[in-house]
1. What percentage of all Cα-Cα pairs in region 58-160 are separated by more than 18 Å?
2. Can you give the FRET efficiency for V291 and I204, using 1/(1 + (r/R0)^6), R0 = 35 Å, r = Cβ-Cβ distance, to the nearest 0.05?
3. Given N residues in region 150-215, what is its alpha carbon radius of gyration divided by 2.2 N^0.38 Å?
4. Considering only protein heavy atoms and a probe of 1.4 Å, how much of the accessible area of region 151-271 is carbon and sulfur, as a whole percent?
5. I'd like to compare 123-131, 83-91, 101-109: which one has the highest average count of other Cβ atoms within 10 Å, and what's the full order after that?
Amino acid sequence: MSSSPEVKTARIGRQKAVSRQAGAPDASPRAKQSLGARIAARAGGGVMRVFLILVALFWLMPTIGLLLSSLRGPQDIAATGWWKVFTAPSDLTFDNYQRLLDNSTITGSLVSTIMITVPSTVLVVVIGSLAGYAFAWMEFPGRDWWFLLVVGLLVVPVQVALIPVSELFGTIGIFETTLGVVLFHTAFGLPFAIFLLRNFFAEIPRELLEAARLDGAGEIRLFVRVVMPLGGPAIASLGIFQFLWVWNDMLVALIFADSESPPITVALQQQVRQFGNNIDVLAPGAFVSMVIPLVVFFAFQRQFVTGVMAGSVK
């Protein structure tokens, strides 16, 4: 005997009432969200993007101010702030950069900085990659203890080694030379490089390496053909980190670099101390010194974040 529509409707209503009394969850996802969650969901779109853009502009404001100052004349820089350029854009000129190119001290310091930064970065990446692979996948006596020693070197500050390393470099004849600065940066960059790359290489599936060994690949070929391509993000992030650290360094360069051809950081500091009012040279020099690492970082920031995060979770 079939039930009438009225009986079915009453039965469904009683079932819903019993479900609500029993504390059954509402099927609507919107009802599950709190008021704060709904507000955050609505604000997470356009409002959050505008906020992040404002933060980025605020962070870049010193760089923008330095750029505009480098395009103004010495009299304008001394008389008004860089923001006045928006009322008189016709005053912008590239004469300061011409003076910068004519300043042999600044141009020579840029060459010295490149000669220090590039070898220091390449050596750290190459040696750190080889050591990271060895600690991750090769068996040798005392491997874990040696790795703990490397991790312990991460907490050693640079200032501790300045005096003893200066005496050592003076004894062997490389004090105040480009080679001495490169060796110092390489030595202090290796602990972080080995730690980062070892953790990244250790996440490579063992089956992949064993399959390559079964195909006849030796350790060198395995490292070059399998490990290096897979470790690209970590290696790129390490190279960026080392490049930024060496390029912006002033303490090590001030002590170990040649006083006749110092890096850009030391050269700019000497220009301020000696002349003080040559802002028409200092502003473009400081901007060039700042913009090169910024370009490198923004060009490879995705690899930098990927590599650092992957190497820090294990």
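The values are calculated or read from the model by the stated rules, or taken from the named source; none is laboratory data. Predicted model, so just to flag it, every value in this text is computed and none were measured. When we count neighbours, we look across all protein chains shown, and the Cβ atoms used for this are built from the backbone with ideal geometry, even at glycine. Protein only, heavy atoms only, side chains kept; ligands, DNA and RNA dropped before computing areas. Shrake-Rupley method; radii C 1.70, N 1.55, O 1.52, S 1.80 Å.
1. Details: 3720 of 5253 pairs.
In whole percent, the share of Cα-Cα pairs in region 58-160 beyond 18 Å is 71.
2. On the way: r = 36 Å, r/R0 = 1.04.
The pair V291/I204 has a calculated efficiency of 0.45.
3. Numbers: Rg = 17.9 Å, N = 66, 2.2 N^0.38 = 10.8 Å.
With N residues counted in region 150-215, Rg over 2.2 N^0.38 Å equals 1.66.
4. Values: 3840 of 5830 Å².
Its accessible area is 66 percent carbon and sulfur atoms.
5. Values: 123-131: 19.6, 83-91: 11.0, 101-109: 15.6.
Ranking, from highest mean packing down: 123-131, 101-109, 83-91.
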